[in-house]
Each structure stands twice: as C-alpha cells, then as structure tokens.
1. Within the range 112-132, can one find any residue that is more than 27 Å from residue 167 (Cβ to Cβ), over 17 Å from the mean Cα position of the chain (by Cα) and of a type in the set (Gly, Ala, Ser)?
2. Report every pair of residues separated by at least 6 positions or lying on different chains whose Cβ atoms are under 6 Å apart, first residue within the range 64-76 and in the same structural domain as residue 97 (by TED's automatic domain parsing), second buried (at least 18 other Cβ atoms within 10 Å of the Cβ) and hydroxyl-bearing (Ser, Thr, Tyr).
3. I need every pair where a residue in the range 176-202 that is over 30 Å from residue 101 (Cα atoms) has its Cβ under 6 Å from the Cβ of a residue that is in a helix (DSSP H, G or I), sequence separation at least 6 or different chains.
4. Test of understanding: among 124, 82, which residue is free of Cβ contacts under 8 Å to residues at least 40 places away in the same chain, surrounded by fewer than 23 Cβ atoms within 10 Å (Cβ to Cβ), at negative phi and basic (Lys, Arg)?
5. Checking the condition β-branched (Val, Ile, Thr) and more than 20 Å from residue 262 (Cα to Cα), which residue from 94, 101 passes?
6. Being farther than 17 Å from residue 120 by Cβ, assigned to a loop (DSSP other than H, G, I, E, B) and at pLDDT below 95 is the filter here, so list the residues in the range 254-297 that pass it.
7. Restricting to the range 127-161, give me the number of residues that are among the acidic types (Asp, Glu), surrounded by fewer than 24 Cβ atoms within 10 Å (Cβ to Cβ) and either modelled with pLDDT of 90 or more or at positive phi (or both).
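The values are calculated or read from the model by the stated rules, or taken from the named source; none is laboratory data. All values derive from a computational prediction rather than experimental measurement. FYI the Cβ positions are ideal-geometry reconstructions off the backbone, even for glycines, and counts take in every protein chain you see.
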Amino acid sequence: MRPSSGLPRSTLVVLAAAALALTGCGSGGAETIQPAPPGSNAALYDALPESVREAGVIRFAGDSHPPYRTVGPDGSITGIDKDFQDALSRILGVRTETIIVDSLPAALQGMLSDRYDVFNGPVKVTAARQKQFDTVTWMTARTSYAVPVNTAEPITTADALCGKSVAVVTASIVEDQLDQLSAHCERTGRAPVASIALADTNATLLAARSGRAAAAGMTQAAAIDLVAKDDTYDYVVQTEQQGATADKLALYTAEFSRLGPVLDEAFQQLFADGTYQRIMHEWGLDDATVPAPEYNAGKPA
C-alpha cells in the first residue's frame with residue numbers, strides 16, 4: 001500500500017528511525033545504509049526512501065527551458081534548476097543528476113514509471129495532477145510572449161496578438177494563459193489567438209523566427225533571459241485585464257515515491273538559511289519569489 005502524503009513534519013524523524021530499524025531486522029542487525037554525509041541534514045537524509053539512499057542520487061527529469069535549464073553542447077546543464085539541485089544535494093546528502101526529456105508529458109509519465117524521481121519544472125499546480133503527484137510550490141510566474149524585432153508588423157502589446165498565431169509548449173502554464181488572452185480578444189470584438197502547441201521552448205522560438213508564429217509564449221523569467229542573450233527578440237507581458245494571473249509554480253514528485261515530505265522540508269531549510277532568496281536574486285527573480293514553500297497547495301487532505 002502506498003503511504004499517505006502530507007505527513008506532519010514532526011513525523012519525519014520517527015519515520016526515518018523506523019526505516020533504519022526495518023533495515024537492520026532484514027539483515028541480522030547489520031545496517032546496509034550509510035550514515036548521513038557530513039554537512040547534510042541527518043534527519044532528512046534518514047527520511048529519504050531507502051532506494052534513494054542506497055543509490056545515492058535523486059534523478060531529476062529536465063527539458064531544455066532557459067533560464068531554468070540550459071543544456072550546453074557538451075551536455076552540461078546550467079540554470080536555476082541546477083542551482084537548486086546543488087542546494088538540495090547539500091542538505092539531503094545525496095547527489096542529483098538531470099536526465100533530459102523532450103516535454104512536460106514525458107517528465108510526468110517518466111516519474112509515474114519510476115524512471116525519474118523529481119521534475120522541478122517549474123510547473124503549474126493543478127487538481128488533476130495532484131491526484132498522482134506531490135508538489136512543492138516555490139515561485140510564481142506571469143506569462144510573456146517573445147516577439148522577433150524588426151518585423152513588418154511590430155508587436156508592442158499582448159493585445160496585438162489577437163488574430164495571430166502564437167507558439168507555446170504543450171501542456172505548459174503558458175498554454176492555459178494563451179487561452180485566456182484569446183478569450184479577451186473575443187470579448188473585445190477581435191479575432192481569437194491561434195495556438196501552435198510544440199514540444200519545447202526551442203521549437204516555439206524557431207516557429208516565431210521562421211514566421212510560422214507571431215510570438216513564442218513563455219514565462220516572464222524566460223523572456224527576460226532570452227532578450228538579455230539575443231537582441232533579435234523583444235517581449236510583451238500579458239496583463240490581468242487580458243486574463244493573466246500570477247500562477248503558482250512547483251516542483252513535482254510522484255506521490256508513491258515518498259519524496260514529497262522530505263523535499264518540502266529541504267525547501268523549508270533553503271528558505272530559512274537564505275539560500276532560496278540568494279538564488280532567486282542572482283537570477284533576477286525577486287518579483288517571482290514566495291514567502292514560504294507551499295506543500296501540496298490546494299490538495300484535499
């Protein structure tokens with residue numbers, strides 16, 4: 001039977017002790033799990049699932065999505081997600097690795113198939129997904145649209161996308177926001193926006209660059225990073241009047257993995273020791289911070 005999620009934090013140490021006791025019983029009293037590495041949080045290390053402690057690694061799924069994850073030509077990964085993974089590794093006492101996937105659906109299905117342990121998205125929290133996943137909300141986001149500069153019809157506001165095509169990543173938060181922008185267009189007597197759903201951010205930018213789409217939808221953080229690196233793009237932000245919301249974005253892990261409560265506690269420590277604020281500030285995301293991580297936001301008890 002799968003253990004229930006959302007356990008009180010005070011039970012983590014008890015669970016860890018019970019896990020160690022069971023390990024000893026199955027091997028004539030000899031422990032098979034190494035003690036917590038120096039510098040890590042021993043209680044959280046002990047609370048990790050036994051399979052994670054034995055492997056010594058947490059497997060993160062990750063699509064190419066700057067500035068959260070930028071994949072170099074040699075396969076190296078940099079970005080916000082990598083910085084948070086390094087911080088979580090320090091606290092939990094196990095290393096992290098990123099396995100590149102091509103889409104959000106692939107990441108979600110891979111966690112349910114136990115190919116990956118975690119996807120740090122960041123991904124919008126939805127009621128449907130929370131039936132199978134635990135989440136830790138750690139930032140908010142507003143939707144933006146990257147537009148090529150020096151075009152015949154410059155896009156200077158999100159309203160100007162009415163009646164045009166916009167490329168978005170399949171099943172992303174931006175896809176939902178684009179539906180709201182399209183509804184705004186129709187309410188104000190203009191043609192709706194045509195959505196072109198593609199696998200990843202690179203594909204959406206290619207669509208905009210080639211003229212297949214007038215813009216590529218993405219989070220504001222991603223748009224800021226893009227424009228800083230490539231002056232052939234500008235971006236416009238979707239406003240509240242145009243249906244935009246500041247959505248909660250979260251880390252995901254399969255409910256059956258039992259990692260959710262431990263990762264929540266680890267994020268609590270990152271907030272408490274200032275690591276969270278430092279990373280967000282270094283990436284220019286002060287406006288996207290939350291006051292505290294939120295575990296399973298909106299999930300029924």
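1. Yes: one or more hits.
2. That search, which allows pairs on different chains as well, returns 65/201; 71/64.
3. Between residues of the range 176-202 that are over 30 Å from residue 101 (Cα atoms) and residues that are in a helix (DSSP H, G or I), the close pairs are 184/242; 192/182; 192/185; 192/186.
4. Numbers: 124 fails: free of Cβ contacts under 8 Å to residues at least 40 places away in the same chain.
Being free of Cβ contacts under 8 Å to residues at least 40 places away in the same chain, surrounded by fewer than 23 Cβ atoms within 10 Å (Cβ to Cβ), at negative phi and basic (Lys, Arg) holds for just one of 124, 82, which is 82.
5. Going through 94, 101 in turn, the sole match is 101.
6. If the condition is that a residue be farther than 17 Å from residue 120 by Cβ, assigned to a loop (DSSP other than H, G, I, E, B) and at pLDDT below 95, then 284 is the only one that fits.
7. Residues of the range 127-161 among the acidic types (Asp, Glu): 134, 153, 159.
From the residues that got through so far, the ones that are surrounded by fewer than 24 Cβ atoms within 10 Å (Cβ to Cβ) too are 153, 159.
Keeping just the survivors that are either modelled with pLDDT of 90 or more or at positive phi (or both) gives 159.
Residues flagged as among the acidic types (Asp, Glu), surrounded by fewer than 24 Cβ atoms within 10 Å (Cβ to Cβ) and either modelled with pLDDT of 90 or more or at positive phi (or both) within the range 127-161 amount to 1.
Yes/no matrix, rows are residues, columns are (1) more than 22 Å from residue 123 (Cα to Cα); (2) among the aliphatic types (A, V, I, L, M):
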| residue | (1), (2) |
| --- | --- |
| 175 | no, no |
| 182 | no, no |
| 190 | yes, no |
| 196 | no, yes |
| 199 | no, yes |
| 204 | no, no |
| 207 | yes, yes |
| 225 | no, no |
